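> Sharing a structure with you now.
The values are calculated or read from the model by the stated rules, or taken from the named source; none is laboratory data. The shown structure was predicted, so the numbers you read here are calculated from the model rather than taken from an experiment. Please note: Cβ atoms are built from the backbone with ideal geometry, for glycine as well, and neighbour counts cover all protein chains shown.
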Amino acid sequence: MDLTQDDEPPAGDGVVSGDDGHDPADDSGSKASHQSSMKKGAATDSGNDDDADDEDTAEVAGELLEAQTLQALAQSRSAERRRRQASPRHGPKVAGAGASPDGYDDSDSNRDPALLSPRAGSSGELPASSRRRPSEPSGPMSPVAPFGPEELGIPGRAQARKMFEADVDPWLANQISDLAMVKMLINNLFPVLPTKPGWLFPRVDSGKRQQYTAQNYCADLITEANVRALLDAAPWEVLEGTGVAISFETDVCGRLGAAIQRYSSHEPESLQSYWEFTHSFPIMHTMVKRHPWLAVYRKERNNRRSHAGNRWKVFLKFLILAMREGWCDLDLLLDPFFPHFPKRSVTVTWFPGLTARQANLADPTLNRREPVGLLAALDEGNSADPWRNHYRDLPQQHPANSIPRLTDKFFRVQARDAE
């Protein structure tokens, strides 16, 4: 995932590269006058976006923490009931005398203090009390035993070890060989996962990327009316329903289960952004002049991307904690269950009508029918590039299915005190 790129429109009908919709000349001094004219508005928008991002992160972190707390309480109560049954002399306290109505003692030592600590605040940072060594017991949210032996971990769990490309593909061995799960930080996974470019999405060397002008595709389709019609159709609904997991059980308990549940509950909020990232069409200055609303849409698209990135970041923080405890390793992120945002180095820009227009340019006598709207262009684009829908409509084609080590890798991992 790479959430660092923003949509900035090329000037006029300039050339657009096939990587991220940026005009290569946009970063040059020739655009200084345009950039200076945008500074004031950008500064104002930036402040508002930062506040919105902080609120979004706080909300997601709070909900994840609440889910973990509730699960820990339920498991602790089960353990308490078993202890009372095994030790008759310790009867339940009377309700109203410092006990809850079901006889549960709030002083239960089996609860994970990391979950209830006020230090685990809205920032989503992992509290120091939760950063345990793998040999330390960590309450009902931790597994009875790690998912497998140390040598199966990617990367090493207790300590870093040398990784080999053939064993960890598509992870970049040189970037994870010096990592250990017990010491892993969010910076190791966000904003960019250490995977090979071109694994999920096509990658073309920068010197070989195709450059397109407005005449090379059906740029005239990008109008306010057509974009509104496209959004009204909610094409991202094809992504609904989390992908089929192949490496873990979706009803897993413990800390991993809490993180998965909260990810699943927030995925619907991010689906439009996942879809837009792989269907991001150019919005040039000439288009904005004719249809000013397109500038509004471009801004909203960027904001959605930022909020989706915040939710993903919070999930990664809790996943890192699960990895430290032995629930899983980095391979869990390769599972088709999770969609991903493309990196800068891959080619994902959607040029509506590109396939038909290029065919007609190559053979003027072909007279191939070109799409007359963005919905028709969408069907053409998805047929040519099945990865644009994150393989949700074609799960059998997901690249993870060709990685044998993923199948059932994190199955049968049980939480402490699980019934």
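> Quick check, is F315 out of contact with any Gly (no Cβ under 9 Å at 6 or more places or on another chain), closer than 30 Å to F411 by Cα and not charged (D, E, K, R)?
Yes.
> Which pairs turn up if I take residues in region 233-246 that are on the phi > 0 side of the Ramachandran plot and look for partners that are crowded, with 19+ Cβ neighbours inside 10 Å and in a loop (DSSP other than H, G, I, E, B) with beta carbon separation below 8 Å, at least 6 apart in sequence or on another chain?
Filtered contacts from region 233-246: G241/R392.
> Taking into account only those residues within region 275-296 that are of a type in the set (V, I, T) and touching a residue at least 60 places away in the same chain (Cβ under 8 Å), which is nearest to Y391 (Cα to Cα)?
Quick first cut of region 275-296, residues of a type in the set (V, I, T) only: 278, 283, 286, 288, 296.
Narrowing the set further to residues that are touching a residue at least 60 places away in the same chain (Cβ under 8 Å) leaves 278, 283, 286, 288.
Values: T278: 12, I283: 26, T286: 34, V288: 32 Å.
Per the criteria, the residue is T278.
> Give region 404-415 a look and list any residue that's crowded, with 18+ Cβ neighbours inside 10 Å and part of a loop (DSSP other than H, G, I, E, B), or say none.
Step one: filter region 404-415 for residues crowded, with 18+ Cβ neighbours inside 10 Å, giving 406, 409-410, 413, 415.
Those that are crowded, with 18+ Cβ neighbours inside 10 Å and part of a loop (DSSP other than H, G, I, E, B): K409, F410, V413.
> Of everything in region 204-217 that's more than 16 Å from H285 (Cα to Cα) and either modelled with pLDDT of 95 or more or in contact with an Asp or Glu (Cβ under 9 Å, 6 or more places away or on another chain) (or both), which residue is surrounded by the most Cβ atoms within 10 Å (Cβ to Cβ)? Spell out the reasoning first.
So the first thing to find is which residues in region 204-217 are more than 16 Å from H285 (Cα to Cα), and the list is 204-211, 216-217.
Okay, now just the ones that are also either modelled with pLDDT of 95 or more or in contact with an Asp or Glu (Cβ under 9 Å, 6 or more places away or on another chain) (or both), so 204, 206, 209, 216-217.
Working: V204: 16, S206: 10, R209: 16, N216: 17, Y217: 25.
Top of the filtered list is Y217.
Table: residues versus (1) more than 25 Å from L179 (Cα to Cα); (2) out of contact with any His (no Cβ under 9 Å at 6 or more places or on another chain).
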site	(1), (2)
L330	no, yes
F337	no, yes
A356	yes, yes
P364	yes, yes
L375	yes, yes
N382	yes, no
P386	yes, yes
L394	yes, yes
R405	no, yes
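> Just checking, how many residues over region 181-240 are farther than 24 Å from S306 by Cα, of a type in the set (A, V, I, L, M, F, W, C) and not in a helix (DSSP H, G or I)?
Number satisfying all stated conditions: 2.
> Then there's this: Would region 223-238 turn up any residue that is closer than 27 Å to P352 by Cα, at pLDDT below 95 and surrounded by fewer than 14 Cβ atoms within 10 Å (Cβ to Cβ)?
Within region 223-238 (the criterion being closer than 27 Å to P352 by Cα, at pLDDT below 95 and surrounded by fewer than 14 Cβ atoms within 10 Å (Cβ to Cβ)), the answer is no, since none of the residues qualifies.
> Among the listed residues L316, L361, L334, which satisfies the condition of being modelled with pLDDT of 95 or more, out of contact with any Pro (no Cβ under 6 Å at 6 or more places or on another chain) and closer than 17 Å to H266 by Cβ? Spell out how you get there, then give the answer.
Values: L361 fails: closer than 17 Å to H266 by Cβ; L334 fails: closer than 17 Å to H266 by Cβ.
Every option except L316 fails the conditions.
> Now for a separate question. Go through the residues of region 282-292 one by one and say whether even a single one is in contact with a helix residue (DSSP H, G or I) (Cβ under 7 Å, 6 or more places away or on another chain), under 24 Å from L256 (Cβ atoms), at pLDDT 95 or above and part of a helix (DSSP H, G or I).
no
> Could you grab me the full set of residues in region 200-222 that are under 29 Å from the mean Cα position of the chain (by Cα) and of a type in the set (S, T, Y)?
Answer for region 200-222, where residues must be under 29 Å from the mean Cα position of the chain (by Cα) and of a type in the set (S, T, Y): just S206.
> State whether the residues of region 282-289 include one that is more than 13 Å from the chain's Cα centre (by Cα) and closer than 21 Å to L406 by Cα. Break it down stepwise before answering.
Going residue by residue through region 282-289, those that are more than 13 Å from the chain's Cα centre (by Cα) are 282-289.
Applying the additional criterion that residues be closer than 21 Å to L406 by Cα yields none.
No, region 282-289 contains no residue that is more than 13 Å from the chain's Cα centre (by Cα) and closer than 21 Å to L406 by Cα.
> For region 151-179, how many residues meet the condition of being farther than 22 Å from T407 by Cα, surrounded by fewer than 18 Cβ atoms within 10 Å (Cβ to Cβ) and within 22 Å of the chain's Cα centre (by Cα)? Let's see the steps before the verdict.
Narrowing region 151-179 to residues farther than 22 Å from T407 by Cα: 158-162, 174-175, 177-179.
Going one step further and asking which of them are surrounded by fewer than 18 Cβ atoms within 10 Å (Cβ to Cβ), we end up with 158-162, 174-175, 177-178.
This time we only want the ones that are within 22 Å of the chain's Cα centre (by Cα), so: 175.
Residues that pass the stated criteria total 1.
Conditions (1) out of contact with any Cys (no Cβ under 8 Å at 6 or more places or on another chain); (2) crowded, with 17+ Cβ neighbours inside 10 Å; (3) at pLDDT below 90; (4) hydroxyl-bearing (S, T, Y), marked per residue:
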residue	(1), (2), (3), (4)
S135	yes, no, yes, yes
S138	yes, yes, yes, yes
V144	yes, no, no, no
P149	yes, no, no, no
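> Among the candidates N401, N389, which residue alone is surrounded by 13 or more Cβ atoms within 10 Å (Cβ to Cβ), within 30 Å of A359 (Cβ to Cβ) and touching a residue at least 24 places away in the same chain (Cβ under 8 Å)? Lay out the reasoning, then the answer.
Details: N401 fails: within 30 Å of A359 (Cβ to Cβ).
Step by step, each of N401, N389 is checked, and only N389 is surrounded by 13 or more Cβ atoms within 10 Å (Cβ to Cβ), within 30 Å of A359 (Cβ to Cβ) and touching a residue at least 24 places away in the same chain (Cβ under 8 Å).
> Follow-up question, since we're still on this one. Can you tell me which condition A376 does not meet? The list is (1) surrounded by fewer than 22 Cβ atoms within 10 Å (Cβ to Cβ); (2) on the phi > 0 side of the Ramachandran plot, and all the others hold.
Failed condition: (2).
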